[in-house]
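The values are calculated or read from the model by the stated rules, or taken from the named source; none is laboratory data. Everything numeric here is computed off the predicted structure, so don't read it as measured data. Here the Cβ is made from the backbone with ideal geometry for all residues, glycine too, and neighbour counts use every protein chain on show. Remember, those area values only see protein heavy atoms, side chains included, never the ligands or the DNA or RNA. Shrake-Rupley method; radii C 1.70, N 1.55, O 1.52, S 1.80 Å.
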Amino acid sequence: MIDRATIDRIYAAANIVDIVSDYVTLKKKGMNYQACCPFHNEKTPSFVVSPSKGVFKCFGCGKGGNAVTFVMEQENVSYPEALKMVAKRYGIQVEEREQTEEDVRRNNDRESMFALNGWASEYFSKYLTGNPEGKSIGYSYFSQKRGFTDATIRKFGLGFCSASGDAMVEAALSAGYKQEYLLSTGLAFKRENDGRLRDRFRDRVIFPVHNISGRVVAFGGRTLRTDKSVAKYQNSPESEIYSKKRELYGLYFAKKAIQQLDFAIMVEGYTDVISMHQAGVENVVSSSGTSLTVEQIQLLHRFTRNITVIYDGDSAGIKASLRGIDLILKEGMNVRVVLLPEPEDPDSFARSHTAEQVQQYIRENEEDFLTFKAKLMLSEAGQDPIKRSEVINDMVRSIVQIPDSIQRSVFIKECARIMDVDENVLVSEVARKRAMAMGDRESEEFIRRQQSQIRRQQSAVPEIPSAVASASKNLSAGSSPDALEYELVKYLLKSGHKNFELQEGRNIVEINIAEEIFRNLDADQITFSDPVYAEILATYRQLWQESGVGVEISVQHFINHINPDVCNKTVEILTSDDNYVASELWRKKDVHIESESEILSVGVPKAIMLYRSKVVERMIAAIHSRLGDDTLSDEQQGEMVMQLDRLNQVKLAIAKEIQRLIL
């Protein structure tokens with residue numbers, strides 16, 4: 001377990017803007033930063049990072065938290081693991097107490113697999129440069145044939161696996177790594193005839209695959225043999241830590257350059273990426289020879305909306321890959337294409353040109369994807385009317401994917417010009433196909449936009465507000481216990497140190513909010529049923545008792561709470577838009593706006609009374625259910641009837657108080 005002092009140091013050092021920027025492209029907006037949410041697919045940014053509060057919040061999907069819980073979500077790791085990752089980023093030493101047996105059992109397979117992959121990557125790298133076999137075969141291939149420098153080889157962790165067949169397996173077992181993880185990571189496989197473990201990547205040069213945070217999740221191995229019966233590439237199988245469709249090779253090394261330049265270059269293979277980086281063009285990634293997936297595109301979308309795809313001059317797979325690029329259009333991204341001169345590929349072109357020459361060639365030769373596609377397909381169709389109509393239909397299928405209506409309109413116009421087709425025909429066909437493909441969703445989106453516009457128009461017309469009504473509009477006798485616990489916690493976190501005025505007879509008295517909440521809960525010996533709200537309540541009570549009545553309790557105690565659920569719920573409460581802020585316009589017009597104290601004097605007592613009412617109802621229901629038990633003695637039943645009578649009197653008194661508060 002990590003001690004509290006270390007956790008506090010981690011939170012003190014963590015800069016949420018820096019950490020979130022490793023995964024998402026943030027743009028400054030006022031005092032905060034904004035981006036499209038990395039947790040759900042959206043086109044209009046609703047994800048906000050507040051550096052002053054140290055929190056993030058998506059107002060679309062509702063996710064929120066701090067720097068550590070963000071890493072938890074992104075990396076799919078536990079809270080302690082996320083703490084260690086953030087600590088490592090800031091050079092904070094994490095000391096843990098000796099693990100108990102229960103702690104060891106909780107150690108999940110993912111961390112063991114990550115640890116093994118990290119070790120294997122280092123093993124392959126050392127074997128490449130420190131072993132005669134690795135030097136003569138692997139190192140000479142990288143340095144002489146590919147022209148990679150020692151710095152490039154180290155940067156990408158390139159390596160070599162021995163041809164012996166089990167050298168890596170034996171070394172891993174000797175180092176204490178378990179057989180089950182060698183199999184689950186795919187580093188080894190079990191031979192059928194004798195059950196022995198063998199190296200999956202034997203006699204191959206190694207390309208480690210890093211995830212977005214730099215951890216090794218898989219490997220690619222290339223054979224240097226000319227034997228056609230041997231597969232050229234051998235890749236790690238899918239595992240708990242590796243999903244091929246969710247990773248882009250080189251993204252870890254490219255993400256900063258992509259953010260700075262606001263576009264990514266997409267190439268085909270490992271060496272294409274590495275050679276481009278070595279040439280000084282670093283905003284380059286690869287799908288590793290497979291078709292692009294939605295997950296890969298969404299991953300890239302965090303850093304930019306612009307992709308330039310580079311095709312080999314003699315690539316025979318251009319046409320086959322075009323359909324996959326339609327997915328990029330569907331995600332609302334801009335796609336441009338560069339065709340290299342024959343017989344160049346990105347690897348050879350980067351090795352024979354400087355970074356400036358590569359960048360200049362891209363600028364001068366890139367064209368939008370649809371124009372490129374139209375020219376390519378029309379050159380094959382010639383004047384054949386049937387083939388030309390197939391090309392037009394194919395172009396329409398691509399345009400249909402574009403979510404932005406203005407961009408669709410521009411491409412329809414351009415397509416009509418290139419294809420020499422009536423623009424109205426294309427407009428009609430695109431609309432028909434979108435209706436068929438999207439169903440009612442597009443209509444719902446249109447209605448949503450219209451309703452949003454109406455709301456904006458209505459909000460522009462000033463109306464005399466009622467702040468007291470706003471303070472209590474969400475609470476009623478039908479509110480659930482969870483909703484009421486939420487309200488009470490909200491009052492504590494936002495205003496627990498403040499006072500509100502309450503009339504007692506002819507006198508006006510000031511009452512502290514936290515004291516009033518705790519007094520009423522203690523009077524009925526009430527505890528919250530929701531465990532997260534209960535933990536917030538307990539933490540606040542302890543801090544309140546230590547600090548004294550009227551002292552403001554910092555929300556950072558809850559934002560940086562050791563329980564991630566407390567953090568997330570706190571952020572949700574603090575970012576909820578449920579407080580009415582009086583307009584200076586009405587103050588200038590001498591229209592009375594209730595003060596915060598007036599709002600609290602209604603909201604707090606009402607929330608307390610409604611919650612007490614719910615608890616009493618629950619107790620009454622529990623007694624009713626027990627009264628039917630034949631095993632109870634007459635004395636027990638009589639006592640329960642008396643309890644029921646007392647509770648009904650309390651219920652009646654609370655009901656009268658609630659009615660008074662509402663009126």
Identify, please: which residue in the range 73-93 is polar (S, T, N, Q) and either farther than 15 Å from Asn211 by Cβ or at pLDDT 90 or above (or both) and is, among those, most open to solvent (accessible area, probe 1.4 Å)?
Gln93
Somewhere in the range 407-430, is a residue charged (D, E, K, R), outside any helix (DSSP H, G or I), at pLDDT below 85 and over 30 Å from Gly147 (Cβ atoms)?
yes
Which pairs have Cβ atoms under 8 Å, sit 6 or more apart or on different chains, and link a residue in the range 322-345 that is under 13 Å from Thr308 (Cα atoms) to one that is among the small types (Gly, Ala, Ser) and assigned to a loop (DSSP other than H, G, I, E, B)?
Leu339/Gly313; Leu340/Gly313
Test: Arg191 is open to solvent by 20 Å² or more (accessible area, probe 1.4 Å), over 18 Å from Phe160 (Cβ atoms), modelled with pLDDT under 95 and touching a strand residue (DSSP E or B) at 6+ places or on another chain (Cβ under 6 Å)
yes
Out of Lys244, Lys232, sole residue that is without any contact (Cβ under 8 Å) to a residue 24 or more places away in the chain and either basic (Lys, Arg) or open to solvent by less than 60 Å² (accessible area, probe 1.4 Å) (or both):
Lys232
Can you tell me how many residues in the range 61-94 are within 11 Å of the chain's Cα centre (by Cα), of a type in the set (S, T, N, Q) and closer than 22 Å to Asp3 by Cβ?
1
Subset of the range 525-545 (residues that are at pLDDT 85 or above and open to solvent by 70 Å² or more (accessible area, probe 1.4 Å))
Pro531, Gln542, Gln545
Filtered residues of the range 404-413 (kept if surrounded by 16 or more Cβ atoms within 10 Å (Cβ to Cβ) and touching a residue at least 40 places away in the same chain (Cβ under 8 Å))
Phe411
Selection within the range 518-535 - part of a helix (DSSP H, G or I) and either closer than 23 Å to His561 by Cβ or free of Cβ contacts under 8 Å to residues at least 60 places away in the same chain (or both):
Phe518, Arg519, Leu521, Asp522, Ala523, Pro531, Val532, Tyr533, Ala534, Glu535
Only one of these is open to solvent by 20 Å² or more (accessible area, probe 1.4 Å), of a type in the set (Val, Ile, Thr) and either within 27 Å of Ile274 (Cβ to Cβ) or within 30 Å of the chain's Cα centre (by Cα) (or both): Thr185, Thr223, Thr149. Name it.
Thr149
Based on this model, can you work out whether Gln359 counts as within 20 Å of Val309 (Cβ to Cβ) and open to solvent by 60 Å² or more (accessible area, probe 1.4 Å)?
yes
Would you pick out the residues in the range 254-270 that are modelled with pLDDT of 90 or more and closer than 27 Å to Leu182 by Cβ?
Tyr270
Scan the range 278-297 residue by residue and report those that are modelled with pLDDT of 80 or more and surrounded by fewer than 18 Cβ atoms within 10 Å (Cβ to Cβ).
Gly280, Val294, Glu295
Could you check the range 156-239 for strands (runs of 3 or more DSSP E) lying wholly inside it with 2 or more residues that are touching a Phe, Trp or Tyr at 6+ places or on another chain (Cβ under 6 Å) and of a type in the set (Val, Ile, Thr)?
204-210
Considering only residues of the range 546-576 that are charged (D, E, K, R) and within 18 Å of Gly496 (Cα to Cα), which is surrounded by the most Cβ atoms within 10 Å (Cβ to Cβ)?
Lys569
Quick count over the range 240-269, residues being closer than 14 Å to Val284 by Cα and either touching a His at 6+ places or on another chain (Cβ under 9 Å) or not in a loop (DSSP other than H, G, I, E, B) (or both), is 18
Can you tell me which residues in the range 322-344 are open to solvent by 50 Å² or more (accessible area, probe 1.4 Å) and not in a helix (DSSP H, G or I)?
Arg336, Leu339, Pro341, Glu342, Pro343
